[in-house]
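Scroll down for the structure; my scribbles are underneath it.
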Amino acid sequence: MPYISHSEDGDRMPELPEAEVVARQIRAGLLGAQLTDVWIGRADIVREGYDTARWYCGGTLRSVERFGKSVALGFVNGHACRYVVAELGMTGLLLFQSTATKHPQHVHVKLSFEGGREPELRYWNPRRFGRLSLLDKAGLDRYRTRRFGLDPLAVSQQDFVRLLQERRGRLKALLMHQQVIAGIGNIYANEILFRAGLHPNLQVSQLSVRKIETLYTIMCKVLDEAIRHGGSSVRDFFAPDGSEGQYKRRHLVYGKEGRPCPNQCGGVIQRLRGERSSYFCPRCQAVRSKRHA
Ligand SMILES: [Zn+2]
């Protein structure tokens, strides 16, 4: 079993593909199982609804959904329905019992189950940047509306085009703006833009409809491929069963500063440092030399 630790470097946030892998594994391992016990090691890991924790005991896990980079577990108990929403923020992970962690003192919540393939789901979070919320349906709706824009895997091409045409600003920042498009972080934004041949700092208003349509197709393809490969374990991501995402092997530009462009155009991958670094090929993703009309 892998030992899980955390690093000090940036881009720790799991993105949409990693959250989707988490949701799918929990669905496969625990859907339909009964929750027999809830243990909360420290109250401040629960952002909202701490007093309702006992309600969940005896409930059945009926749904596992991903919203942006969060995973929502839906429980039914009697005629009522409530949710446990986990933010997979900076090093926040949902792990099955069999996955060993290097710092078990950072397991802050344990959910015990009967009747599933797994006996326990744990929320492990050494930095406590992420939180859990215990919400009813109205609370979940508020949580979603406040935090998440359109989901890249659910939005239609038409709505995506309309959304980008309504916005101003730099393209990469927009792709990473969670309240506009939920789930894409720095790794996938860089990979998507390279494959689309679009400079990270391009103004969204410069994009033609055709370019936006291409961007949409590539965005869906990159995210789908990443999910199929278990996501990207660049630093801290492990799936609930402890497996690492293999999509990092398919990264073309992220973390590849100074390497030759994979398109063999003769360019060298550049890194633009900022709050979140941009990796791009100045030839394939020229910001001004090509017309984007
Ligand atoms: Zn190139």
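The values are calculated or read from the model by the stated rules, or taken from the named source; none is laboratory data. This is a predicted model, so every value here is computed, not measured. Glycine also receives a Cβ, built like all others from the backbone with ideal geometry; neighbour counts cover every protein chain displayed.
Test residue 244 against the criterion of being acidic (Asp, Glu), free of Cβ contacts under 8 Å to residues at least 12 places away in the same chain, part of a loop (DSSP other than H, G, I, E, B) and away from the ligand (no atom under 16 Å from the Cβ), and give yes or no. So residue 244 fails the test.
Restricting the first member to segment 60-79 and to residues that are touching a residue at least 40 places away in the same chain (Cβ under 8 Å), and the second to residues that are surrounded by fewer than 19 Cβ atoms within 10 Å (Cβ to Cβ) and among the hydroxyl-bearing types (Ser, Thr, Tyr), the beta-carbon pairs closer than 9 Å and six or more apart or on different chains are 72/63; 73/63; 75/60; 75/63. Considering only residues in segment 256-273 that are free of Cβ contacts under 8 Å to residues at least 12 places away in the same chain and either of a type in the set (D, E, K, R) or in contact with a Pro (Cβ under 6 Å, 6 or more places away or on another chain) (or both), the one that is nearest to the ligand (Cβ to nearest atom) turns out to be 259. Among the candidates 226, 239, which residue alone is under 23 Å from the mean Cα position of the chain (by Cα), of a type in the set (A, V, I, L, M, F, W, C) and either assigned to a loop (DSSP other than H, G, I, E, B) or within 15 Å of the ligand (Cβ to nearest atom) (or both)? After applying the criteria, what remains is 239.
Every condition in (1) under 20 Å from residue 231 (Cβ atoms); (2) crowded, with 21+ Cβ neighbours inside 10 Å is met by residue 127 except one, and the failing one is (2). Return yes when residue 253 is within 16 Å of the ligand (Cβ to nearest atom), assigned to a loop (DSSP other than H, G, I, E, B) and at pLDDT below 90 and no when it is not. Considered against the rule, which asks whether it is within 16 Å of the ligand (Cβ to nearest atom), assigned to a loop (DSSP other than H, G, I, E, B) and at pLDDT below 90, residue 253 comes out as no.
The residue list 187, 192 contains one member that is under 16 Å from the mean Cα position of the chain (by Cα) and free of Cβ contacts under 8 Å to residues at least 40 places away in the same chain, which is 192.
Residue-by-condition table, conditions (1) surrounded by 21 or more Cβ atoms within 10 Å (Cβ to Cβ); (2) at pLDDT 95 or above:
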residue: 152; (1), (2): yes, yes
residue: 173; (1), (2): no, yes
residue: 186; (1), (2): yes, no
residue: 208; (1), (2): no, yes
residue: 225; (1), (2): no, yes
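Might you let me know whether segment 100-107 holds any residue that is assigned to a helix (DSSP H, G or I), under 20 Å from the mean Cα position of the chain (by Cα) and within 23 Å of residue 237 (Cα to Cα)? Taking every residue of segment 100-107 in turn, none turns out to be assigned to a helix (DSSP H, G or I), under 20 Å from the mean Cα position of the chain (by Cα) and within 23 Å of residue 237 (Cα to Cα). Would you check if residue 198 is among the hydrophobic types (A, V, I, L, M, F, W, C), over 19 Å from the mean Cα position of the chain (by Cα), within 24 Å of residue 149 (Cα to Cα) and within 14 Å of the ligand (Cβ to nearest atom)? Criteria met by residue 198. Only one entry in 288, 276 is within 16 Å of the ligand (Cβ to nearest atom), modelled with pLDDT under 95 and either touching a Gly at 6+ places or on another chain (Cβ under 6 Å) or in a loop (DSSP other than H, G, I, E, B) (or both), namely 288. Answer yes or no: is there a residue in segment 69-78 that is among the basic types (Lys, Arg) and either exposed (fewer than 15 other Cβ atoms within 10 Å of the Cβ) or part of a strand (DSSP E or B) (or both). No, every residue in segment 69-78 fails to be among the basic types (Lys, Arg) and either exposed (fewer than 15 other Cβ atoms within 10 Å of the Cβ) or part of a strand (DSSP E or B) (or both).
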